[in-house]
Amino acid sequence: MTQVTRRAFLWMLLGAPTALALSACSQLEQAMEGVQQTQSAPATSPAAVALLPTPACGDDDDPTPPQGAGPFYTPNSPLRDSLIEADTVGTRLMILGSVVTTACQPIAGAMLDWWHADDSGQYDNVGYRFRGHQFADEQGRFQLETIVPGLYPGRTRHLHVRVQAPNQAPLTTQVYFPDVPENDGDFLFDPALIMDTTDQPDGGRRSAFTFVLSV
Ligand SMILES: [Fe+2]
């Protein structure tokens, strides 16, 4: 397991609050999020600029676990490193990360196709608000500027992402935040997918995550 994973597991042991009761609606939503799959977006754009140093990888990194795409994926999202728009509300979030192989080799040009709910827990299923794809740089690094997604029934805070090495099948998964009470009531939640997250002086949050692909 990665260092982040171990920390996440420790958090689960020490800090997870009592699970919330799930409504029938919540269970349906979770089921939909867990099982539905959709088509991948095209990989047609240049590498994103990222600022992370080369990640420190151990020799025992497990592949990032897959999770369902859910019902809200829209193909052909715009190419962009920021999902912030002029009227965006919500807690600013910067995700810094890398895409590597199980041998800890960076995957240059890996595509990351993101989608998530807005601050009130709503998905834009008409346009592309909080949807976008980007490409890792030559060292497999990426950064995404967005907001912390809101909650919606049955789900804790999460972002969906499809990560695809060039000419390989995509990994579809979701990433989560530490210390969110709703984590414990969401059966899709996986502590291996918690981003290492810190609060920033400006009120925003910064997260880090390394995607490990089986390529
Ligand atoms: Fe979702």
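The values are calculated or read from the model by the stated rules, or taken from the named source; none is laboratory data. Predicted, not measured: the structure shown is a model, and the values here were computed from it. Virtual Cβ from ideal backbone geometry, glycine too; neighbours counted across all protein chains shown. Calculation scope for accessible area: heavy atoms of the full protein, side chains included, ligands and nucleic acids excluded. Shrake-Rupley method; radii C 1.70, N 1.55, O 1.52, S 1.80 Å.
Kindly establish whether GLN139 is out of contact with any Pro (no Cβ under 9 Å at 6 or more places or on another chain), of a type outside the set (Gly, Ala, Ser), in contact (Cβ under 8 Å) with a residue 60 or more places away in the chain and more than 19 Å from PRO178 (Cβ to Cβ). Against the criterion (out of contact with any Pro (no Cβ under 9 Å at 6 or more places or on another chain), of a type outside the set (Gly, Ala, Ser), in contact (Cβ under 8 Å) with a residue 60 or more places away in the chain and more than 19 Å from PRO178 (Cβ to Cβ)), GLN139 does not qualify. All conditions but one from (1) within 11 Å of the ligand (Cβ to nearest atom); (2) under 14 Å from the mean Cα position of the chain (by Cα) apply to ILE147; the one that does not is (1).
Condition test on SER82, is it over 21 Å from ILE194 (Cβ atoms) and within 16 Å of the ligand (Cβ to nearest atom)? Considered against the rule, which asks whether it is over 21 Å from ILE194 (Cβ atoms) and within 16 Å of the ligand (Cβ to nearest atom), SER82 comes out as no. Considering the range 41-97, and only residues there that are of a type outside the set (A, V, I, L, M), at pLDDT 95 or above and closer than 17 Å to ASP137 by Cα, the residue that is surrounded by the fewest Cβ atoms within 10 Å (Cβ to Cβ) turns out to be SER82. The strands (runs of 3 or more DSSP E) falling completely within the range 98-215 that include 1 or more residues that are polar (S, T, N, Q) and open to solvent by 10 Å² or more (accessible area, probe 1.4 Å) map to 141-147, 158-164, 171-176, 196-199, 205-213. Only one of the listed residues (ASP118, ASP190, ASP113, ASP124) is within 16 Å of the ligand (Cβ to nearest atom) and touching a Gly at 6+ places or on another chain (Cβ under 7 Å). That residue is ASP118. Only residues that are of a type outside the set (Ser, Thr, Tyr) and closer than 14 Å to LEU159 by Cβ: list them for the range 65-83, please. Selection gives GLN67, GLY68, ALA69, GLY70, PHE72, LEU83.
Do you know which of the residues in the range 161-177 that are touching a residue at least 40 places away in the same chain (Cβ under 8 Å) and in contact with a Pro (Cβ under 9 Å, 6 or more places away or on another chain) is farthest from PRO71 (Cα to Cα)? Of everything passing the filter in the range 161-177, GLN164 is farthest from PRO71 (Cα to Cα). Can you find a residue in the range 128-135 that is over 24 Å from LEU79 (Cβ atoms) and either within 14 Å of the ligand (Cβ to nearest atom) or at pLDDT 95 or above (or both)? Scanning the range 128-135 turns up no residue that is over 24 Å from LEU79 (Cβ atoms) and either within 14 Å of the ligand (Cβ to nearest atom) or at pLDDT 95 or above (or both).
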